[in-house]
Amino acid sequence: MFVYPEINPIAFSLGPIHIAWYGLMYLLGFVAAYWLAMKRTKKDWSPLVNEQIEDLIFYSAVGVIVGGRLGYMLFYDTESLISDPIPWLARVPQVWQGGMSFHGGFIGVIVAARIFSSNVKVDFVSLIDFIAPLVPIGLGLGRLGNFINNELWGSPTDIALGFLVEGVVRHPTQLYEAILEGLILFIILWTYSRVQRGRGLVAAAFLFYYGFFRILIEFFRMPDFHIGYLYSEWLTLGQVLSLPMLILGLWIIIRHKLKEE
């Protein structure tokens, strides 16, 4: 068992401006994506050249932030939208209040990539294949940010990997996600995409493995307190939102295999 060290969520301050670790994790994720993208442009089959990467990261960052915030408000605060829409709309741009959704950010990046591909006249699916291996490092860093913020803990446990948090030993599901959805997913996608694959297969691998890892970890993670379990004591909103990703990724892979035969 480990004891949670109560980390200050503020990394440093510049006068009245406070820089949070969580925000720094986003920044580091975009920096890592930029560096990895520059390496991928060296491939003969890269759909992009070096000069286009800065714009790609900018579009993607806007997609992550806007999509992540809208996704959280729509998926996790739907009740407020229905019962009290005006205050709900006022809270949408208040990113500093907390509340970002991976699935919303994912949709945001897809939309941003679609706009970017149209602007630079690049095949959309090839672009998504290019982007997919750039994502996991940012996901892993984001989960480390959740750990620093003392949020998104798992259910009580007695295993040796548990963390004592406010008198209860819990699964460190943020760290599980950082490892599986961050490090392991990156290794899988980066290794798989080192050679040119069939159109859409790298993106499909991302969809399948992320969906699988997220659904698995959700069995150990406590649901959002204002939503709870959707069914019995195990089905969460995160699993419901991740299942279509797993199914779509698997369908693309199977469809490609059947075409080869």
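Tabulated results
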read-out: Candidates Asp77, Asp129, Asp44: whichever shows maximal mean-square fluctuation once the chain is modelled as a Gaussian network with Cα springs under 10 Å; value: Asp44
read-out: Leading residue at positive end of dipole, region 18-260 (Cβ point charges), from Phe220, Met25, Phe124; value: Phe124
read-out: Built amide H within the under 5 Å cut-off of Ala20, gap 5+; value: Ala11
read-out: Efficiency of FRET from Cβ geometry, His226 and Val62, R₀ 45 Å, rounded to 0.05; value: 0.95
read-out: Mean Cα-pair separation over length for region 18-260, i.e. relative contact order, pairs under 8 Å, 6 or more apart, %; value: 19 percent
read-out: Rg over Rh, two decimals, region 149-240 (C-alpha only, Kirkwood Rh); value: 1.07
read-out: In order through region 82-93: 3J(HN,Hα) via Karplus (6.51 cos²θ - 1.76 cosθ + 1.60), integer Hz, x for Gly, Pro; value: 6, 7, 8, x, 5, x, 4, 4, 5, 7, 3, x
read-out: Electrostatic dipole magnitude of the chain [Cβ: Lys, Arg +1; Asp, Glu -1; Cα centre; debye, to 20]; value: 920 debye
read-out: Per DSSP, loop chymotrypsin sites (Phe, Trp or Tyr not before Pro) in region 1-99 with at most 15 further Cβ within 10 Å; value: Trp45
read-out: Rounded tilt (10° steps) of 53-76 against the dominant C-alpha axis of the chain; value: 40 degrees
read-out: Acute angle (nearest 10 degrees) that the helix 135-148 long axis makes with the longest principal axis of the chain, alpha-carbon atoms; value: 10 degrees
read-out: Normalised per residue, the volume of the convex hull around the Cα set of the chain (Å³); value: 165 Å³
read-out: Distant-in-sequence amide H partners of Leu235 (H built 1.01 Å from N, under 5 Å); value: Leu230
read-out: Hz values of 3J(HN,Hα) by residue in region 176-185 - Karplus curve (6.51, -1.76, 1.60), Gly and Pro given as x; value: 4, 5, 4, 6, 6, 7, x, 5, 5, 4
read-out: Selected from Tyr76, His256, Tyr34, residue furthest toward positive end of dipole (the chain; charges at beta carbon); value: His256
read-out: Selection from Ala61, Leu152, Asn50 lying farthest towards where the dipole of region 32-180 points positive, charges on Cβ; value: Asn50
read-out: Estimated FRET transfer efficiency when R0 is 41 angstrom, pair Glu260-Val168 (beta carbons, to 0.05); value: 0.20
read-out: Per-pair calculated FRET efficiency, R0 = 51 Å: Lys39 and Trp234 via Cβ, rounded to 0.05; value: 0.80
read-out: Charged-residue dipole, Cβ positions (Lys, Arg, Asp, Glu), region 70-141 about Cα centre, Debye nearest 20; value: 220 debye
read-out: Per-peptide average of other Cβ atoms within 10 Å, ordering 228-239, 133-144, 185-196 highest first; value: 133-144, 185-196, 228-239
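Bear in mind that the values in this text are calculations on the coordinates, not laboratory data. The structure displayed is predicted, hence computed values, not measured ones. Here the Cβ is made from the backbone with ideal geometry for all residues, glycine too, and neighbour counts use every protein chain on show.
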